[in-house]
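This report concerns only the one structure given below.
The values are calculated or read from the model by the stated rules, or taken from the named source; none is laboratory data. Not measured: the values here are computed from a predicted model. Quick reminder, even Gly has a Cβ in these numbers, built from the backbone with ideal geometry, and neighbours come from all protein chains shown.
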Amino acid sequence: MRVDPRTWPITLKIGLAISLTVFAGALVAGLLIQSAIERAQVSLVQEDFQSLSEAQLERIVEVLTREISVLVSLSHEDMLLEAAREGGGLEVPAHLDAFVETFPQFEAIILTDRNGQVVGASYTTASFDFQGRPWWQSAYARGVGAIYISDPVTDPLSGATGVQIAVPLFDEDGSVLGIVMAVWDFDLARQTLTSGTPRHTMVLDSREQRVLADTTLTGIETTRLPELVTEELFTNLQGAFLGPDEEGTPTVFGYASLAMWPREVQIGGLEAAPSLRNLGWSIVVRAPVAEATAGMIPLVRQLQALIAGSAIVAVLFALVILRGAMDPLYRLTAVAARIGAGEIDVPIPRLPLDEIGRLAEVLREMVAKLIHRQEQLSAAARISRATILSFETDQMLGDALHSLARWFDYSEARVYLLDSGGRRARLRVAVGEESERLLDQRHRIEVNESTLIGQAILLDEPQTASSTAPMGIHQIAAPKIHSEAAIPLRTADRPLGALYVASSATTAFEPGDVEVLRLVADQLSASLENIHLHEQSQSALAEIEALNRRLTRSMWEERIASGGPLRHTLDPEERWPESLEEVQRQGKVVAEPYVDGDGRSVLAAPIILRGESIGAIGVTRPSGHRWSPDEIALVEAIAARVAMIAESIRLVDESTRIAQREQIISSVSEQLQRAVDVDSVVMTALGQLGEVLGSGQVSLRIGPPPVDSDRRLTSSQQDSDEAKGGDATDA
């Protein structure tokens with residue numbers, strides 16, 4: 001099955017994009033950082049080598065200063081001063097030999113007087129005049145005296161190789177008595193230089209551009225460096241640079257020259273700094289670039305691993321941030337799902353006004369409209385229920401309009417109903433200050449297109465208007481009304497009027513609001529029609545009840561007329577309570593206590609049958625006795641029960657009478673069927689009818705009125721009829 005990436009969750013798609021971007025950036029950053037680290041490492045190595053060369057220079061100066069101090073101390077010995085003053089002494093050579101043994105770094109030593117003549121030496125020399133030697137002239141300094149230090153040389157007299165160090169001997173008056181010169185082993189300078197892997201240190205002669213000492217070699221070397229390197233080394237006094245070594249390998253160089261020695265060096269009252277600066281030595285620390293930066297490789301690997309780990313962490317962190325950033329969208333999606341499931345009252349989260357926040361605001365507005373519409377529908381349903389609670393038109397419409405104004409927040413609400421001609425609509429019920437004023441004025445509207453209400457009734461369509469889009473058909477120009485609507489009221493076959501509502505909001509009647517109002521108007525129309533039908537049914541029911549009352553009254557009047565009034569009392573004196581006739585005229589069974597003319601306490605209740613009073617029941621007590629509520633209720637219950645029982649007995653009597661009549665008719669019919677001729681039929685019918693009716697004067701005629709010539713019954717027949725209780729008449 002083909003996978004469509006567009007269907008992936010948005011978090012996954014953004015996460016993949018972030019991951020690819022971060023890892024690509026990490027790769028590029030790793031390469032850039034590696035290059036930057038290499039450059040930085042080389043720069044650090046250069047700085048380190050320059051600092052190290054300066055430190056090595058300090059050590060060389062320190063060693064030379066120490067060695068010069070040893071010679072200066074020797075020059076201050078009285079024996080040597082006396083020997084230089086006197087021009088010789090037997091103990092001087094031995095003393096100088098002892099000095100060399102004590103300080104083996106000095107390979108040879110010689111003492112001369114102020115004329116350059118040898119006073120003593122640690123070796124045998126064939127020359128006794130050193131006045132022309134450079135070291136003697138420099139140390140004598142025209143009688144002033146100075147410290148002399150030479151480059152590494154091989155002394156021609158002693159054969160010793162090293163650095164010639166010469167110091168003057170001063171007399172008490174400050175004049176130079178002689179010169180002490182010693183050959184110092186220069187290899188000790190190499191030993192004092194600090195070395196280590198991968199770097200090593202050299203001492204160069206800047207004047208002759210040759211290597212004087214190297215920590216990797218022994219003795220004095222004359223190896224020459226490439227011209228580009230020596231040009232850089234001997235052009236500046238200190239610094240660091242990249243250049244090739246003797247074999248052309250890229251190398252890092254750091255160097256410092258004695259010529260730039262910044263401080264003064266006082267030894268026994270003599271200044272050694274000028275002699276040190278004149279040497280022209282340079283201390284060079286060098287190492288191949290590959291070896292100098294070899295320690296960087298683990299660091300680079302670690303940094304690359306760190307970058308990779310950081311990229312992973314960054315991706316995870318970005319995913320967490322993304323998850324947090326997308327959480328509002330997830331919450332909004334969940335809320336939308338719940339709203340789709342019908343939970344429209346679910347709270348919509350308040351979010352920052354970014355894209356998701358604006359989407360939440362749109363959803364909130366939609367849900368608010370949906371809730372508003374649901375509330376309107378619910379209010380419409382409540383109004384519908386309210387309309388069925390009353391069958392009185394004004395009350396029903398008043399309750400509906402008050403509910404409509406309260407639940408829909410309308411400032412005005414009215415119902416106009418058409419007159420019998422259908423040409424004018426009269427204001428029937430109103431809610432609101434302006435509407436009630438119009439109701440008091442018996443406001444009427446012509447059904448035409450000049451008004452909003454007339455147009456709604458005429459066109460049978462809802463009509464709306466607002467102050468922002470005036471249509472010229474506003475019903476009332478009230479300052480607080482900014483929008484209004486008229487909804488027609490009608491049944492299936494005829495218009496009834498219109499529902500008018502007004503609001504202070506300019507957008508109160510959107511299409512959804514109008515549809516809800518149509519629903520309310522339809523319910524009002526149905527209720528008006530139901531009230532009309534109810535009034536018709538109530539009128540018919542009232543007629544039926546009136547007929548039942550007339551029939552009941554007629555039947556009981558007939559019953560009383562035929563059998564006489566029913567009157568019974570337990571009073572031995574038959575003193576009937578007064579005012580029973582007044583109680584009997586009541587329209588409902590209510591027992592009322594009163595005092596009659598004899599001062600007795602009477603409790604009387606009418607006997608009501610089908611709304612018609614047919615009698616009364618009364619109970620008397622001696623004067624001063626009161627009637628309890630239970631007794632009153634008992635009399636009322638008995639009065640109601642007596643009415644039902646009396647009616648039941650009357651109905652039984654009526655049924656019995658009807659049954660007897662039917663029996664007589666059946667008996668007469670049976671006897672008539674046994675007759676053999678017309679006269680027999682007539683005589684039998686007359687006899688049975690007279691017997692039933694209790695009358696001897698029964699006549700029966702078939703044909704025109706009788707005359708004298710008509711045949712009459714014989715006397716024997718007449719006597720027979722009289723015996724049967726009937727009179728014979730014309731046949």
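For residue 46, the conditions (1) assigned to a loop (DSSP other than H, G, I, E, B); (2) under 60 Å from the mean Cα position of the chain (by Cα); (3) not charged (D, E, K, R) are fulfilled apart from (1). Residue count for region 339-374, restricted to those that are among the basic types (Lys, Arg) and surrounded by 14 or more Cβ atoms within 10 Å (Cβ to Cβ): 2.
Quick one: count up the residues across region 597-647 that are over 23 Å from residue 571 (Cβ atoms) and acidic (Asp, Glu). First the steps, then the outcome.
The first filter runs over region 597-647 and keeps only residues over 23 Å from residue 571 (Cβ atoms), leaving 608-612, 629-630, 633, 640, 644, 647.
Then keep just the ones that are acidic (Asp, Glu); that gives 612, 630, 647.
Qualifying residue count for the region: 3.
Of the residues 528, 541, 533, 489, only one is assigned to a helix (DSSP H, G or I) and surrounded by 12 or more Cβ atoms within 10 Å (Cβ to Cβ); which? Lay out the reasoning, then the answer.
Working: 541 fails: surrounded by 12 or more Cβ atoms within 10 Å (Cβ to Cβ); 533 fails: surrounded by 12 or more Cβ atoms within 10 Å (Cβ to Cβ); 489 fails: assigned to a helix (DSSP H, G or I).
One residue alone meets the criteria, 528.
Against the test of being touching a residue at least 60 places away in the same chain (Cβ under 8 Å), polar (S, T, N, Q) and in contact with a strand residue (DSSP E or B) (Cβ under 7 Å, 6 or more places away or on another chain), the options 161, 154, 192, 112 yield a single qualifying residue, 112. The set of residues in region 244-274 being at pLDDT below 85 and either at positive phi or out of contact with any strand residue (DSSP E or B) (no Cβ under 9 Å at 6 or more places or on another chain) (or both) consists of 246, 247, 248, 261, 262, 263, 266, 268, 269.
What residue, among those in region 110-125 that are part of a strand (DSSP E or B) and either in contact with a Phe, Trp or Tyr (Cβ under 7 Å, 6 or more places away or on another chain) or not assigned by TED's automatic domain parsing to the domain that holds residue 71 (or both), is surrounded by the most Cβ atoms within 10 Å (Cβ to Cβ)?
Taking region 110-125 first, the residues part of a strand (DSSP E or B) are 110-113, 117-121.
With either in contact with a Phe, Trp or Tyr (Cβ under 7 Å, 6 or more places away or on another chain) or not assigned by TED's automatic domain parsing to the domain that holds residue 71 (or both) added as a condition, the list becomes 112, 117-118.
Numbers: 112: 27, 117: 15, 118: 20.
Only one residue tops the list, namely 112.
With respect to (1) exposed (fewer than 11 other Cβ atoms within 10 Å of the Cβ); (2) at pLDDT 75 or above, the lone exception for residue 651 is condition (1). The set of residues in region 332-356 that are in a loop (DSSP other than H, G, I, E, B) and of a type in the set (D, E, K, R) comprises 343, 345, 350, 354.
For region 344-352, indicate whether the set of residues that are outside the structural domain of residue 497 (by TED's automatic domain parsing), among the acidic types (Asp, Glu), under 30 Å from residue 435 (Cα atoms) and in contact with a helix residue (DSSP H, G or I) (Cβ under 9 Å, 6 or more places away or on another chain) is non-empty. Working first, answer last.
To start, the set of residues in region 344-352 that are outside the structural domain of residue 497 (by TED's automatic domain parsing) comprises 344-352.
Now drop any that are not among the acidic types (Asp, Glu), which leaves 345.
If we keep only those that are under 30 Å from residue 435 (Cα atoms) too, we end up with none.
No, that holds for no residue.
Considering each of 107, 101, 62 in turn, give the residue that is of a type in the set (Asp, Glu) and either in a strand (DSSP E or B) or buried (at least 20 other Cβ atoms within 10 Å of the Cβ) (or both). The conditions single out 107.
Residues checked against (1) among the basic types (Lys, Arg); (2) in a helix (DSSP H, G or I); (3) assigned by TED's automatic domain parsing to the domain that holds residue 527:
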site	(1), (2), (3)
373	yes, yes, no
400	no, yes, yes
405	no, yes, yes
416	no, no, yes
422	no, no, yes
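Does any residue of region 608-630 turn out to be hydroxyl-bearing (Ser, Thr, Tyr), surrounded by fewer than 17 Cβ atoms within 10 Å (Cβ to Cβ) and either touching a strand residue (DSSP E or B) at 6+ places or on another chain (Cβ under 7 Å) or touching a residue at least 12 places away in the same chain (Cβ under 8 Å) (or both)? Checking region 608-630: at least one residue is hydroxyl-bearing (Ser, Thr, Tyr), surrounded by fewer than 17 Cβ atoms within 10 Å (Cβ to Cβ) and either touching a strand residue (DSSP E or B) at 6+ places or on another chain (Cβ under 7 Å) or touching a residue at least 12 places away in the same chain (Cβ under 8 Å) (or both).
For residue 240, the stated conditions do not hold, so it cannot be described as part of a helix (DSSP H, G or I) and at pLDDT 80 or above. Of all residues in region 385-398, those satisfying the criterion of being part of a helix (DSSP H, G or I) and free of Cβ contacts under 8 Å to residues at least 12 places away in the same chain are 385, 395. State whether one or more residues within region 285-301 are outside the structural domain of residue 149 (by TED's automatic domain parsing) and farther than 30 Å from residue 45 by Cβ. No, every residue in region 285-301 fails to be outside the structural domain of residue 149 (by TED's automatic domain parsing) and farther than 30 Å from residue 45 by Cβ.
In contact (Cβ under 8 Å) with a residue 40 or more places away in the chain and closer than 30 Å to residue 320 by Cβ: does that describe residue 49? When the stated conditions are applied, residue 49 does not pass them. Out of curiosity, is residue 146 in contact with a Ser or Thr (Cβ under 7 Å, 6 or more places away or on another chain) and part of a loop (DSSP other than H, G, I, E, B)? So residue 146 passes the test. Condition test on residue 28, is it out of contact with any Pro (no Cβ under 8 Å at 6 or more places or on another chain), surrounded by 14 or more Cβ atoms within 10 Å (Cβ to Cβ) and assigned by TED's automatic domain parsing to the domain that holds residue 174? Taking the combined requirement at face value, the residue does not satisfy it.
Please verify whether region 410-422 includes one or more residues that are surrounded by fewer than 17 Cβ atoms within 10 Å (Cβ to Cβ) and touching a helix residue (DSSP H, G or I) at 6+ places or on another chain (Cβ under 7 Å). For region 410-422, residues surrounded by fewer than 17 Cβ atoms within 10 Å (Cβ to Cβ) and touching a helix residue (DSSP H, G or I) at 6+ places or on another chain (Cβ under 7 Å): absent.
The test for being surrounded by fewer than 21 Cβ atoms within 10 Å (Cβ to Cβ), among the aliphatic types (A, V, I, L, M), in the same structural domain as residue 396 (by TED's automatic domain parsing) and modelled with pLDDT under 90 does not hold for residue 452.
Say whether the condition of being loosely packed, with under 14 Cβ neighbours inside 10 Å and at pLDDT 80 or above is met by at least one residue in region 631-639.
We begin by selecting, within region 631-639, every residue loosely packed, with under 14 Cβ neighbours inside 10 Å; these are 633, 637.
Adding the requirement that they be at pLDDT 80 or above leaves 633, 637.
Checked region 631-639: at least one residue is loosely packed, with under 14 Cβ neighbours inside 10 Å and at pLDDT 80 or above.
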